[in-house]
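The values are calculated or read from the model by the stated rules, or taken from the named source; none is laboratory data. Source: prediction; values computed, not measured. Here the Cβ positions follow ideal geometry from the backbone for every residue, glycine too, while neighbour counts run over all protein chains shown. Side chains included, ligands, DNA and RNA excluded: accessible areas come from the protein's heavy atoms. Shrake-Rupley method; radii C 1.70, N 1.55, O 1.52, S 1.80 Å.
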Amino acid sequence: MASENLGGSYDMILSAETIYNLESQQQLFDCIKQAIKPPTGVAYIAAKTYYFGVGGGTTSFKKMLKRDGMLEVHTVATFDEGDGSKREILKLKFPDHIIPYFL
């Protein structure tokens with residue numbers, strides 16, 4: 001993306017059902033980090049908390065984000081599917097303490 005001059009130019013990124021596989025989570029996060037516009041850009045990720053059979057979901061994605069530390073992650077909505085599975089919408093954003101560095 002950087003070679004296409006797209007890095008850091010998106011105010012909002014929307015993603016759904018893209019973190020079901022543990023192996024693809026880091027790739028998606030790397031893409032978001034390159035594309036999101038500092039310091040006010042946000043990304044919304046909609047997914048199940050856990051995908052049986054493949055192991056991914058919002059639980060593992062949030063852990064990965066917290067280990068990395070570049071973006072904050074907040075759960076903005078949770079939906080109970082009624083069959084034991086839950087879906088969440090996550091909001092990824094830059095921490096408030098870094099905003100003055102970009103202004």
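So the values come out like this:
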{"quantity": "Heavy atoms of T18: accessible area, 1.4 Å probe, square angstrom to 10", "calculated": "50 Å²"}
{"quantity": "Anisotropy class of the stretch 51-103 from Cα gyration tensor, a/c 1.5 cut", "calculated": "oblate"}
{"quantity": "Label of the coordinate-derived value, mean projected area of the Cα convex hull in nm², listed as [x] 8.0; [y] 8.4; [z] 6.9", "calculated": "[z]"}
{"quantity": "The chain - accessible surface per residue (Å², probe 1.4 Å)", "calculated": "61 Å²"}
{"quantity": "Residues listed by number, the stretch 14-31, amide nitrogen under 15 Å from V54 label point at 7 Å toward C-beta", "calculated": "15-29"}
{"quantity": "Simple Cβ-charge dipole of the chain, Lys/Arg +1 and Asp/Glu -1, about Cα centre, in debye nearest 20", "calculated": "240 debye"}
{"quantity": "Accessible area, probe 1.4 Å, largest first, for residues H97, H74", "calculated": "H97, H74"}
{"quantity": "The chain - percent of accessible surface contributed by carbon and sulfur, probe 1.4 Å", "calculated": "54 percent"}
{"quantity": "Radius 12 Å from Cβ of K48, net charge of other residues (Lys, Arg +1; Asp, Glu -1)", "calculated": "-3"}
